[in-house]
1. Expressed in whole Å with the largest first, what are the equivalent ellipsoid semi-axes of the range 129-199 derived from the C-alpha gyration tensor as the square root of 5 times each eigenvalue?
2. Given the rule -39500 (n - 2.57) for each run of at least 4 DSSP H residues, summed and divided by the residues of the chain, what is its mean residue ellipticity at 222 nm, to the nearest 500 deg cm²/dmol?
3. Over what distance in Å are the Cα centres of the range 58-87 and the range 129-181 separated?
4. Please compute the modelled spin-label separation between residue 194 and residue 128, points set 7 Å along Cα→Cβ, answer in nm with one decimal.
5. Bin by bin, in steps of 10 Å, what percent of the Cα pairs in the chain do you find, going until the bin that has the longest distance?
6. When the chain is fully extended, how far beyond the present Cα-Cα distance does residue 36 get from residue 24, taking 0.36 nm per residue of separation?
7. Could you give the length gained on full extension between residue 63 and residue 93, defined as 0.36 nm per residue of separation minus the Cα-Cα distance, in nm?
8. Beyond a 18 Å Cα-Cα separation, which of these cross-linked pairs lie in this structure: 151/176; 120/151; 120/199?
Amino acid sequence: MRFGEIVWIALIPLLVWGCAGRDFARATPDSLQLGKTTYAEIIARFGSPRREGTLLKNERTVKAITYAYAGGGSALVRGVTPARAQTFYFMDLVLVGHEFVSSFREDHTDFPEAKIGEIKKGETTEAQVVQLMGPPAGMFIFPLVQGANEKGLIYTYSQTRVEHIPFAPKIRSYHKALVVSVTGNGLVRDVQFSASGEK
């Protein structure tokens, strides 16, 4: 499973069956300390997650918990059900990554994938990535990225349209995710982009 999809999958039942979940405020990046913030601190702050799971990355077991909400409000794109979700990743119960996705107009995480080609490995700096793509929707450290001195800038967006046909709702979903790995010297080492579904 690709990163970003964990968040997206947690939203699908809410979108299809109209369950709102529990709304939450996005965790601001400066309120999270990768390598320091603990699982217990996140639970104390956000309560019980909607979804939990584990994944194996770079031979390490990582725990993932997701909070998700779909409900009233204005979507970025007309006809899309507005929804938001936040996933936190832990190794040995210490935070190693977080990502946020939203199709609400006020806090959407859409990003300009047409500009990805301007990001050059070994040349583009972290500051230039942010200038091109905007502030990231999340951040990863090892083992979610390859190197111990690297960090990953996360960009992810999902949207879902649901046609409520009796007993068989038709779902049209689109998801895209970008992970830009930056080395300790501030230069881009790797760029990974994926997109699936239909808009």
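Nothing in this text is a laboratory measurement; each read-out follows from the coordinates by a stated rule. Since we're looking at a predicted model, the values are computed, not measured. With ideal geometry, Cβ positions are generated from the backbone for all residues, glycine too; neighbour counts draw on all protein chains shown.
1. Numbers: eigenvalues 224, 29, 15 Å².
In descending order the semi-axes read 33, 12, 9 Å.
2. Numbers: 3 runs with 29 residues, N = 199.
Calculated from helices alone, the mean residue ellipticity at 222 nm is -4000 deg cm²/dmol.
3. For the range 58-87 versus the range 129-181, the Cα centre distance is 9 Å.
4. 2.7
5. 9, 36, 36, 17, 3, 0
6. On the way: separation 12, 0.36 × 12 = 4.32 nm, distance 2.22 nm.
Answer, rounded to one decimal: 2.1 nm.
7. Numbers: separation 30, 0.36 × 30 = 10.80 nm, distance 0.77 nm.
Once the chain is fully extended between residue 63 and residue 93, it gains 10.0 nm.
8. Working: 151/176 20 Å; 120/151 16 Å; 120/199 28 Å.
Long pairs (Cα-Cα over 18 Å): 151/176; 120/199.
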